[in-house]
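This report refers to the structure that appears directly beneath it.
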């Protein structure tokens with residue numbers, strides 16, 4: 001139950017499903033969620049119109065990786081969507097995010113048990129409720145240390 005700084009409040013609900021399958025060096029997983037009044041990029045972030053009217057959100061992600069010795073190659077694709085609470089909400093905030101989607105491909109090399117070198121490339125699209133959009137292509141090279 002969320003109570004904001006106004007007199008309006010609402011109950012948020014959601015469900016998610018995750019499945020993973022591994023066969024020798026191949027790993028595949030899928031994830032789906034749907035929520036009402038929980039937000040899109042974080043718990044209760046953009047979850048309502050500020051007047052107690054819930055926004056619905058949903059999304060999914062799929063990923064596949066294959067390991068060749070110490071080298072793992074992978075790709076994933078994900079989408080998140082946010083609906084306006086009502087027509088007045090869309091009219092008042094046309095730049096509100098409608099959909100984000102991203103595809104990433106990468107290589108991950110296990111230098112040691114605790115140190116992984118990585119290189120990734122992502123293609124990202126963001127669409128607003130008004131139809132405006134943003135697009136970027138990103139590269140990432142680095143190291144991941146775990147302990």
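Structural remarks
- Residues that are surrounded by fewer than 19 Cβ atoms within 10 Å (Cβ to Cβ), closer than 29 Å to residue 108 by Cα and touching a residue at least 12 places away in the same chain (Cβ under 8 Å), drawn from the range 42-65: 60, 61, 62, 63, 64, 65
- The set of residues in the range 103-140 being under 15 Å from residue 72 (Cα atoms) and free of Cβ contacts under 8 Å to residues at least 24 places away in the same chain consists of 112, 113, 119, 120, 121.
Every read-out reported here was derived from the displayed coordinates using simple, explicitly stated rules and does not represent laboratory data. It should be emphasised that the depicted structure is a prediction, and the values quoted were computed from it without experimental measurement. Every residue, glycine as well, gets a Cβ built from its backbone with ideal geometry; the counts of neighbours run over all protein chains shown.
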